[in-house]
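Below is one structure, written out as structure tokens, with a few remarks after it.
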Amino acid sequence: MADSALPDPNTSFGERVWRRLREEQLIWLTTVGKDGTPQPNPVGFVFQDDHSILVYSALGARRLDHIAERPRVALHFDARFVPDGTGGDIVVFTGTARRADDIPQAHENPAYLAKCGDDAARVFGSVAKFSERFPVPLRIEITRTRGH
């Protein structure tokens, strides 16, 4: 992945993008269904050291078929009101998604545990139960970032 796909963290926009990648718990992942309809879903995620985004998926999720057939995806954060009048802190990424079977299950992934472990345990009873329900790691390589 080219670093140029992410904005310079020394700019106002870049600082917000990088902070949100580190701190936000959910991002909207949009795949494209067989009929061409966008299919947005909120997912927990981890921003990886290689600047990719990691999400876990259920084994039978349609998004796996969508990605296998059409790997181009979009991701975005919920908009936020920005009092300086610049808009809603909009951040949209485009990229390419693929299965990442080299990545450990969520309950064995230190980065996932650090960022999402408490929430996964609270919602699913334990991170191991989350891993049972969402065993498929997906890596999304960011190819473009836009927003304001």
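When the range 3-43 is examined, which residues are found to be out of contact with any strand residue (DSSP E or B) (no Cβ under 8 Å at 6 or more places or on another chain), farther than 21 Å from R99 by Cβ and in contact (Cβ under 8 Å) with a residue 24 or more places away in the chain? D3, E24, listed by residue number.
For R122, state whether it is farther than 17 Å from L21 by Cα, without any contact (Cβ under 8 Å) to a residue 60 or more places away in the chain and touching a Ser or Thr at 6+ places or on another chain (Cβ under 8 Å). Judged against the criteria, R122 is not a match.
Residue pairs whose Cβ atoms lie under 7 Å apart, separated by 6 or more positions or on different chains, with the first residue in the range 131-143 and more than 17 Å from R70 (Cα to Cα) and the second aromatic (F, W, Y) and assigned to a helix (DSSP H, G or I), are R133/F124.
Taking F13 as the residue in question, decide whether it is within 18 Å of A111 (Cβ to Cβ), among the hydrophobic types (A, V, I, L, M, F, W, C) and crowded, with 17+ Cβ neighbours inside 10 Å. In short, no. When F81 is tested against the conditions (1) within 17 Å of L26 (Cα to Cα); (2) touching a Gly at 6+ places or on another chain (Cβ under 9 Å); (3) without any contact (Cβ under 8 Å) to a residue 24 or more places away in the chain, the lone failure is (1). Restricting T37, T11, T30 to residues that are within 21 Å of F134 (Cβ to Cβ) and either touching a helix residue (DSSP H, G or I) at 6+ places or on another chain (Cβ under 7 Å) or among the β-branched types (V, I, T) (or both) narrows the list to T30. When F81, F47 are checked against the criterion of being surrounded by fewer than 14 Cβ atoms within 10 Å (Cβ to Cβ) and either out of contact with any Lys or Arg (no Cβ under 6 Å at 6 or more places or on another chain) or closer than 19 Å to G147 by Cα (or both), F81 stands alone in meeting it. Within the range 87-99, track down each residue that is surrounded by fewer than 17 Cβ atoms within 10 Å (Cβ to Cβ) and at pLDDT 95 or above. Matches in the range 87-99: V92, T96, R98, R99. Residue under question is V82, and the condition is that it be hydrophobic (A, V, I, L, M, F, W, C) and at pLDDT 95 or above; does it hold? Taking the combined requirement at face value, the residue does not satisfy it. Screening A100, A61, A79, A68 for residues that are of a type in the set (G, A, S) and either farther than 26 Å from A120 by Cβ or touching a Pro at 6+ places or on another chain (Cβ under 8 Å) (or both) leaves exactly one candidate, A100.
The values are calculated or read from the model by the stated rules, or taken from the named source; none is laboratory data. Only a predicted model underlies this, so the values are computations on that prediction, with no experimental measurement involved. Reconstructed Cβ throughout: ideal geometry from the backbone, glycine too, with neighbour counts over all protein chains shown.
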